[in-house]
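Any read-out appearing in this document is the output of simple, stated calculations on the displayed coordinates, not a laboratory observation. Since this is a predicted model, take the numbers as computed values, not measurements. When we count neighbours, we look across all protein chains shown, and the Cβ atoms used for this are built from the backbone with ideal geometry, even at glycine.
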Amino acid sequence: MEQHVIARQVSDQHLLAESLGLLAPAAREIVAAFYERLFVEQPRLRPMFTAELDGQHEALLRAVTAIVTHYDRPEQLVPALTAMGRRHQEYGVRIDHYSVVGLTLLATLRQFAGPDWNDEFEGAWLRAYTFVAGVMMQAGAMAGSWLTRPDDSAAARGWDRLPERVAA
């Protein structure tokens, strides 16, 4: 069973990287379109964000790149995702927000990829987002409980602390 899971993660990581390569030339446009779509479809979420979204755009780009790059090694992602989940809980993010964001992200990626998008890409992104959201939701739900450490500043420093990947 574990071998199957590892093989799926590696396969998905390749699909994520391939689709990201397809989308990369329009990355900034995609991120802007994602937030525009999110706020049009879910205007109640807009007040959770600052008026200026440039920093948020950059943070999302870094997060997506890190997730795609390290998806086949989830243990490297969990500390940053846990810290993000805790912060998001402090911002007022609720569990139902994760599904809204995931559906919006997939719809935006699908739109920009156009006819190059396929079921394999869709499945890989859905599995990756489910993993990410699951870790974040669990961390948010546990925030403030006796199970959490009072200081996870090393994890909170974010994506820049992940080890560099060496091309195979």
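Of the trypsin sites (Lys or Arg not before Pro) in the range 59-146, the ones in a loop by DSSP (not H, G, I, E or B) with at most 13 other beta carbons within 10 Å are ARG94. For ASN118 and GLU29, the FRET efficiency from 1/(1 + (r/R0)^6), where r spans their Cβ atoms and R0 equals 22 Å, is about 0.55. Take the Cβ atoms of VAL10 and THR50, set R0 to 45 Å, and the FRET efficiency comes out at 0.75. One way to sum up the overall shape of the range 1-80 is the equivalent ellipsoid from its Cα gyration tensor, whose semi-axes run 29, 15, 12 Å, largest first. Fully extending the segment from ARG73 to GLU18, taken as 0.36 nm per residue of separation minus the present Cα-Cα distance, adds 18.1 nm. Sparse packing (at most 14 other Cβ atoms within 10 Å of the Cβ) combined with a DSSP loop state is found for the following chymotrypsin sites (Phe, Trp or Tyr not before Pro) in the range 35-81: PHE49. Taking all Cα pairs closer than 8 Å and separated by 6 or more residues, the relative contact order of the range 2-161 comes to 37 percent.
Report the normalised scattering of the range 59-132 as log10 I(q)/I(0) at q = 0.11, 0.27 Å⁻¹, calculated by the Debye formula with identical scatterers on the alpha carbons. Here log10 of I(q) over I(0) equals -0.30, -1.44.
For the range 2-161, what ratio Rg/Rh do Cα atoms give with a Kirkwood hydrodynamic radius? All intermediate terms of the calculation are to be shown ahead of the outcome.
Working: Rg = 15.6 Å, Rh = 16.4 Å.
Across the range 2-161, the Cα-based Rg/Rh ratio is 0.95.
Taken one residue at a time, the phi angles of the range 26-43 give Karplus couplings (6.51, -1.76, 1.60, θ = phi - 60°) of 10, 3, 5, 5, 5, 4, 4, 5, 4, 5, 4, 4, 4, 6, 6, 6, 9, x Hz. Gly and Pro are set to x.
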